[in-house]
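Undergrad: Pasting in a structure now, in structure tokens, and then I'll have a few things to ask.
The values are calculated or read from the model by the stated rules, or taken from the named source; none is laboratory data. Just so we're clear, the structure is a prediction, and the values are computed from it rather than from any experiment. Heads up, the Cβs are rebuilt from the backbone with ideal geometry, glycines too, and the neighbour counts pull from every protein chain shown.
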Amino acid sequence: MLELRRLTKHYAGIPAVDDVSFSARPGEVTGYLGPNGSGKSTTIKMITGLIERTAGQILYCNEPIDDDLIAYKRRMGYVPEEPNLYNHLSGLEYLVMVAQLRGLPSRESSERIDGLLRLLNLYDDRHASISGYSKGMRQKILIAAALMHNPDLVLLDEPFSGLDIGSALILRSLIQELASRGKVVLFSSHELDTVERISHRVVILHRGKLVADNSIERLRSLMELPNLEAIFSQLAVEQDTAQMARNIADLIHA
């Protein structure tokens, strides 16, 4: 289990993540939602160990991740929001590099990389430079890199970005399959319909603070709202979206 206890991050004294506590359990998909600037990516980067927290604790399997950060990272797979890749490498070269950094046996990693490239429809472009890849192709490389070592903890920050419909449907099923195999899956996405379809529970952040942590069914019942979009709008969207749309239409129509 991944557990956050009163996690806090300040930038110049201003809280980006403010006293956030929740758990992501094995065998479940936990959706992490919030408007832009709410602190989602900051939270995930703290979980990965990429940035230091101001206060609070992160535990995995009941142990603070700081006790052995390297061992913790070996068990983690991470797809970042921004595809910061080595553009001079080919897709194949990048995955081989990741496998070597992970310390995977050469023969095993070669077979796994070959299989991932084929299954993700990247095999024909495996020798092409990443600089020529589309956004969706880059995203697939990130997904392959995150999963090739069979991680126990899977962190996905906007993983559907740039994917075509077919690839998005495969990823949606893959996320559910990973959870069904006992992995901890935490993913952030703006695609509320996808989150609602595949998440066992959702955590909603607003202005750095936790505003919901429950199953979607329970939130629907408690708030007497029909779907996740309505719940999200009430908890984390301050503007009257319909009125804002009318104002924009009025302005351009004038």
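Undergrad: Tell me which residues, restricted to the stretch 108-167, are in contact with a His (Cβ under 8 Å, 6 or more places away or on another chain) and among the acidic types (Asp, Glu).
TA: Within the stretch 108-167, Glu158 is the sole residue that qualifies.
Undergrad: Follow-up. Does Ala128 qualify as being under 30 Å from Glu3 (Cα atoms) and either touching a residue at least 12 places away in the same chain (Cβ under 8 Å) or among the β-branched types (Val, Ile, Thr) (or both)? Lay out the reasoning, then the answer.
TA: On the way: under 30 Å from Glu3 (Cα atoms): no; either touching a residue at least 12 places away in the same chain (Cβ under 8 Å) or among the β-branched types (Val, Ile, Thr) (or both): yes.
No: the conditions fail for Ala128.
Undergrad: Scan the stretch 1-45 for residues that are part of a strand (DSSP E or B) and not β-branched (Val, Ile, Thr) and report the count.
TA: Within the stretch 1-45, residues that are part of a strand (DSSP E or B) and not β-branched (Val, Ile, Thr) number 20.
Undergrad: A follow-up question, please. Looking at the stretch 219-237, can you tell me whether even one residue there is closer than 23 Å to Arg25 by Cα, under 14 Å from the mean Cα position of the chain (by Cα), surrounded by 15 or more Cβ atoms within 10 Å (Cβ to Cβ) and at pLDDT below 80?
TA: Scanning the stretch 219-237 turns up no residue that is closer than 23 Å to Arg25 by Cα, under 14 Å from the mean Cα position of the chain (by Cα), surrounded by 15 or more Cβ atoms within 10 Å (Cβ to Cβ) and at pLDDT below 80.
Undergrad: Next up: Looking at the stretch 54-72, which of its residues are closer than 23 Å to Ser189 by Cβ and not hydrophobic (A, V, I, L, M, F, W, C)?
TA: Tyr60
Undergrad: Among the residues of the stretch 49-80, write down those that are buried (at least 18 other Cβ atoms within 10 Å of the Cβ), under 28 Å from Leu171 (Cβ atoms) and not aliphatic (A, V, I, L, M).
TA: Our first condition is that a residue be buried (at least 18 other Cβ atoms within 10 Å of the Cβ); within the stretch 49-80, this holds for 53, 58, 60, 65, 72, 76-80.
Restricting the remaining residues to those that are under 28 Å from Leu171 (Cβ atoms) gives 58, 60, 65, 72, 76-80.
Result: Tyr60, Tyr72, Gly77, Tyr78, Pro80.
Undergrad: I'd like to know if the stretch 36-44 contains one or more residues that are surrounded by 13 or more Cβ atoms within 10 Å (Cβ to Cβ), of a type in the set (Val, Ile, Thr), modelled with pLDDT under 95 and within 17 Å of Ala146 (Cα to Cα).
TA: Yes - at least one qualifying residue is present in the stretch 36-44.
Undergrad: Quick one: how many residues across the stretch 1-21 are closer than 25 Å to Ile198 by Cα and buried (at least 20 other Cβ atoms within 10 Å of the Cβ)?
TA: 3
Undergrad: If you don't mind, another one. Looking at the stretch 194-213, which of the residues that are assigned to a helix (DSSP H, G or I) and touching a Leu at 6+ places or on another chain (Cβ under 8 Å) is surrounded by the fewest Cβ atoms within 10 Å (Cβ to Cβ)?
TA: Within the stretch 194-213, the first condition is being assigned to a helix (DSSP H, G or I), and the residues that meet it are 194-198.
Within this subset, residues satisfying the condition of being touching a Leu at 6+ places or on another chain (Cβ under 8 Å) are 195-196.
Working: Val195: 22, Glu196: 17.
Residue satisfying both the conditions and the ranking: Glu196.
Undergrad: Which count do you get for residues in the stretch 109-164 that are more than 17 Å from Val79 (Cβ to Cβ), of a type outside the set (Asp, Glu) and surrounded by fewer than 14 Cβ atoms within 10 Å (Cβ to Cβ)?
TA: Qualifying residue count, the stretch 109-164: 5.
Undergrad: Looking only at residues that are of a type in the set (A, V, I, L, M, F, W, C) and modelled with pLDDT of 90 or more in the stretch 146-170, which one is farthest from Glu3 (Cα to Cα)? Reasoning before the result, please.
TA: Narrowing the stretch 146-170 to residues of a type in the set (A, V, I, L, M, F, W, C): 146-148, 153-156, 160, 163, 165, 168-170.
Among the residues that remain, those that are also modelled with pLDDT of 90 or more are: 146-148, 153-156.
Working: Ala146: 21, Leu147: 21, Met148: 24, Leu153: 12, Val154: 14, Leu155: 13, Leu156: 16 Å.
So, considering only residues that are of a type in the set (A, V, I, L, M, F, W, C) and modelled with pLDDT of 90 or more, the one farthest from Glu3 (Cα to Cα) is Met148.
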